[in-house]
Amino acid sequence: MTGVVLVAGLWDGGRDAHALEKYGRPLPEFEKSDGDKSKQDFDESLIAGYFLAAAFVSNPTFAARPDNTGLVGMRYMAHLETDLYKKYLTAYTDQNFFSDREKGWIILTEWDQTYGMTGTVNHWSWRTQYERDAPLDKSGLIQAYADGLVNYRVRSHEDWSWWQKTFPKNTLTAYAGMGWLYYNQTYFARPDNTGRALFRYVGHVDLDLYKQKVVFYGDFNMFTDRTASNVVRPSELDWILGIAVRWRDYEVSVYREQDLPLDRGGLIQEYWAVQLRYAFDVQKQAR
C-alpha cells in the first residue's frame, strides 16, 4: 500500500500476495508565486499534469505485479487533468506502469489505471476515484476499487502570520484528511494482507527550503480494518520522506517509503527511489 491521497484495492483473497498500492507518490506542488495569486483564483486548466520516471534503486519487497511477483525496477507515470469548472470541479486520470528488475528492468509488468473527480473550495478539497491494476506480461490477479477522500489544507503564507514573520523565506503547505473505502471486497488492512481496509487517515507536508527550488516533503497514510472489533483504530501506517530539487518545470527527487502494521507484528515493505518529473499546464482562453 502507499501513503498518498488514493487508496483501496480489490483482488482474489485466495491469492498469497502482499498488499501493495502502486501510485505515483505524493509529490510536492509546483507552486505559483504570490504575484500570480489573482490569476490562480480565476484561471482554468485546459490540460495540465506531469510525466515522471522513477528508478527503485533499493527495493527488497515492492512487487512488480498485482499478485506481488517480481520486484519493481522502474515506474513510469502520466497524470492528466482538466478543469471542468474553475478549481471546483476537475477530472483527472493517472496511468502508472511498472517494470520488473528480475526481468531486466525494461519489460513492463503492471498497468494501473485511475479515473476520478476532484475539487477545491477554500481550505477544503475532495476526491472520488476508481482504479484498476492489472498485470501486463501475463494473466493473473486484477485489483480494482473506488473510494472517496476529504482534506483540509493550510498554507503558511496565507494562514499563519506568525510563521511568515518567523520563517519569511520558508513556505509550508500541509493537508490532513480522512477517506472511506466504499467499494472494497478484498483490499487489505495490513501489509501482510490481513483484514479489509475501511477508513484511511492521511497527511502531507511540503516545506520550501530554498526559493521553491529545494523542497522537503513528507506523507503518511493509515488504514483501519473493517473486520476488527474497533473499525476506527489504525492497523497500518505508510510513510514517505523525500527531497525535491527543481529547475523550471523539471524536478528530481529522492525519497524513501516504509509500510508497516500498527496493531501487530508482521511484514514491513520499504524502498528507496530516485525520480524525474516534468510538469505542464495549458490554460483555457480567457472569456
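The values are calculated or read from the model by the stated rules, or taken from the named source; none is laboratory data. Remember, it's a predicted structure, so these values are computed and weren't measured experimentally. Backbone-built Cβ (ideal geometry, glycine too); neighbour counts: all protein chains shown. To get the accessible areas, we keep the full protein, side chains included, count just its heavy atoms, and leave off ligands, DNA and RNA. Shrake-Rupley method; radii C 1.70, N 1.55, O 1.52, S 1.80 Å.
Among the residues making up the stretch 250-263, those that are more than 17 Å from Met74 (Cα to Cα) and in contact with an Asp or Glu (Cβ under 9 Å, 6 or more places away or on another chain) are Gln258, Asp259, Leu260, Pro261, Leu262, Asp263.
Is one or more of the residues making up the stretch 128-151 among the aromatic types (Phe, Trp, Tyr) and under 17 Å from His204 (Cβ atoms)?
no
Can you tell me how many residues within the stretch 93-115 are without any contact (Cβ under 8 Å) to a residue 40 or more places away in the chain and at negative phi? Quick ask: steps written out before the conclusion?
Of the residues in the stretch 93-115, the ones without any contact (Cβ under 8 Å) to a residue 40 or more places away in the chain are 93, 95, 97, 99-100, 102-108, 111, 113, 115.
Retained after the next criterion (residues that are at negative phi): 93, 95, 97, 99-100, 102-103, 106-108, 111, 113, 115.
The total comes to 13.
Report, by residue number, each residue of the stretch 60-81 that is open to solvent by less than 40 Å² (accessible area, probe 1.4 Å) and farther than 19 Å from Pro135 by Cα. The one that is open to solvent by less than 40 Å² (accessible area, probe 1.4 Å) and farther than 19 Å from Pro135 by Cα: His79. For the stretch 135-142, does any single residue satisfy the condition of being part of a strand (DSSP E or B), out of contact with any Lys or Arg (no Cβ under 8 Å at 6 or more places or on another chain), open to solvent by 10 Å² or more (accessible area, probe 1.4 Å) and not charged (D, E, K, R)? No, that holds for no residue. Output the residue which, of all residues in the stretch 112-124 that are open to solvent by 20 Å² or more (accessible area, probe 1.4 Å) and of a type in the set (S, T, N, Q), is nearest to Ala144 (Cα to Cα). Here the residue is Gln113. With respect to the conditions (1) hydroxyl-bearing (Ser, Thr, Tyr); (2) closer than 23 Å to Ala279 by Cα; (3) open to solvent by 40 Å² or more (accessible area, probe 1.4 Å); (4) at pLDDT below 90, Ser45 lacks only one, and its number is (3). Has the stretch 208-216 got at least one residue that is within 27 Å of Leu141 (Cα to Cα) and modelled with pLDDT under 90? No, every residue in the stretch 208-216 fails to be within 27 Å of Leu141 (Cα to Cα) and modelled with pLDDT under 90. Among residues of the stretch 254-287 being small (Gly, Ala, Ser) and farther than 19 Å from Ala48 by Cβ, the one that is modelled with the highest pLDDT is Ala273. Look at Arg155 and say whether it is surrounded by fewer than 18 Cβ atoms within 10 Å (Cβ to Cβ) and in contact with a Ser or Thr (Cβ under 8 Å, 6 or more places away or on another chain). Answer is yes for this residue.
Restricting the first residue to the stretch 58-76 and requiring it to be over 12 Å from Thr109 (Cα atoms), which pairs with a second residue that is surrounded by fewer than 20 Cβ atoms within 10 Å (Cβ to Cβ) and of a type in the set (Asp, Glu) meet a Cβ separation below 7 Å and a spacing of at least six or different chains? Between residues of the stretch 58-76 that are over 12 Å from Thr109 (Cα atoms) and residues that are surrounded by fewer than 20 Cβ atoms within 10 Å (Cβ to Cβ) and of a type in the set (Asp, Glu), the close pairs are Pro60/Glu270; Thr61/Glu270.
Every residue, every condition in (1) crowded, with 21+ Cβ neighbours inside 10 Å; (2) modelled with pLDDT of 50 or more; (3) under 16 Å from Gln275 (Cα atoms); (4) touching a Pro at 6+ places or on another chain (Cβ under 9 Å), yes or no:
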site	(1), (2), (3), (4)
Val5	yes, no, no, yes
Asp12	no, no, no, no
Pro28	yes, yes, yes, no
Ser33	no, no, no, no
Phe56	yes, yes, yes, no
Leu84	no, yes, no, no
Leu89	no, yes, no, no
Lys103	no, yes, no, no
Glu110	yes, yes, no, yes
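When the residues of the stretch 43-60 are filtered to those that are more than 19 Å from the chain's Cα centre (by Cα) and assigned to a loop (DSSP other than H, G, I, E, B), the one that is farthest from Leu136 (Cα to Cα) is Asp43. Scanning the stretch 65-82 for residues that are on the phi < 0 side of the Ramachandran plot and either at pLDDT below 90 or of a type in the set (Lys, Arg) (or both) turns up Arg65, Pro66, Asp67, Thr69, Arg75.
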